[in-house]
Structure formats: structure tokens, C-alpha cells
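To keep things clear, I will list the structure first and then write my remarks on it.
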Amino acid sequence: MEPEEIKTLLAQALELNELHVKGENGHFQVVAVAEMFDGMPRVKKQQTVYGPLAEVIASGAVHAVSIKAFTPAQWQREQLLNPIG
């Protein structure tokens, strides 16, 4: 499975402001940004992103997923502290 395929699955299932997916060989890192994460505990945010991927994980097409989920305000702060580049 390729990062773009993961991105497509998540974009179709969730209403996200931003989505970044990278990885290879079944191991992926996902950064999801959405208003819906406002007020959610960290574990609930991760479960929300993990849900649409459950089938491909169960099939073995994806072995590991690291998920970071932010509200737009949290993502803006994160970018100031740890810019992607």
C-alpha cells in the first residue's frame, strides 16, 4: 500500500482540513488536522483516524500506523514549534 492510498481512504471517510501521510513497506505516519478533533482526548482522536484504516490493517496491507491528530489551532502551534521540512 502507498501513502496516497492511505490518504485517499482517510480523505473519503473524514472531513479533514489537512492530511499528511508518509511511509513505506506497510509502515505509515499520518498527520490529520480537523475541527472535529476539538475537545477530543488524544486517544479518541487517534481512534477516529484509525477507524477508516482498520480493514487494510486487518488485511495485512498496513502493518503499523503512527497517528498525530490536531485541531487547526493546535496544528498552527505545532508548526511554529516543529516545522515540517
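Filtering the range 45-52 for residues that are modelled with pLDDT of 95 or more, in a strand (DSSP E or B) and aromatic (F, W, Y) leaves an empty set. Pairs linking a residue in the range 30-47 that is closer than 18 Å to A64 by Cβ and of a type in the set (S, T, N, Q) to a residue that is surrounded by 14 or more Cβ atoms within 10 Å (Cβ to Cβ) and modelled with pLDDT of 95 or more, with Cβ atoms under 7 Å and 6 or more positions apart or on different chains, are Q46/I67; Q46/A69.
Checking the structure you have, find out if any residue of the range 47-54 is polar (S, T, N, Q) and over 14 Å from A13 (Cβ atoms). Checking the range 47-54: not a single residue is polar (S, T, N, Q) and over 14 Å from A13 (Cβ atoms). When the residues of the range 9-23 are filtered to those that are closer than 17 Å to I57 by Cβ and either more than 11 Å from the chain's Cα centre (by Cα) or in contact (Cβ under 8 Å) with a residue 60 or more places away in the chain (or both), which remaining residue is surrounded by the most Cβ atoms within 10 Å (Cβ to Cβ)? If we take residues in the range 9-23 being closer than 17 Å to I57 by Cβ and either more than 11 Å from the chain's Cα centre (by Cα) or in contact (Cβ under 8 Å) with a residue 60 or more places away in the chain (or both), then G23 is surrounded by the most Cβ atoms within 10 Å (Cβ to Cβ). Candidates are the residues of the range 58-75 that are among the aliphatic types (A, V, I, L, M) and over 14 Å from the mean Cα position of the chain (by Cα); the one that is farthest from L9 (Cα to Cα) is A73. Would you please name the residue that is farthest from A34 (Cα to Cα), looking only at residues in the range 1-16 that are of a type outside the set (A, V, I, L, M) and in a loop (DSSP other than H, G, I, E, B)? Per the stated criteria, the residue is E2. Scanning the range 57-70 finds no residues that are among the hydroxyl-bearing types (S, T, Y) and part of a loop (DSSP other than H, G, I, E, B).
The values are calculated or read from the model by the stated rules, or taken from the named source; none is laboratory data. Please read all numbers here as calculations on a predicted model, not as lab measurements. Here the Cβ is made from the backbone with ideal geometry for all residues, glycine too, and neighbour counts use every protein chain on show.
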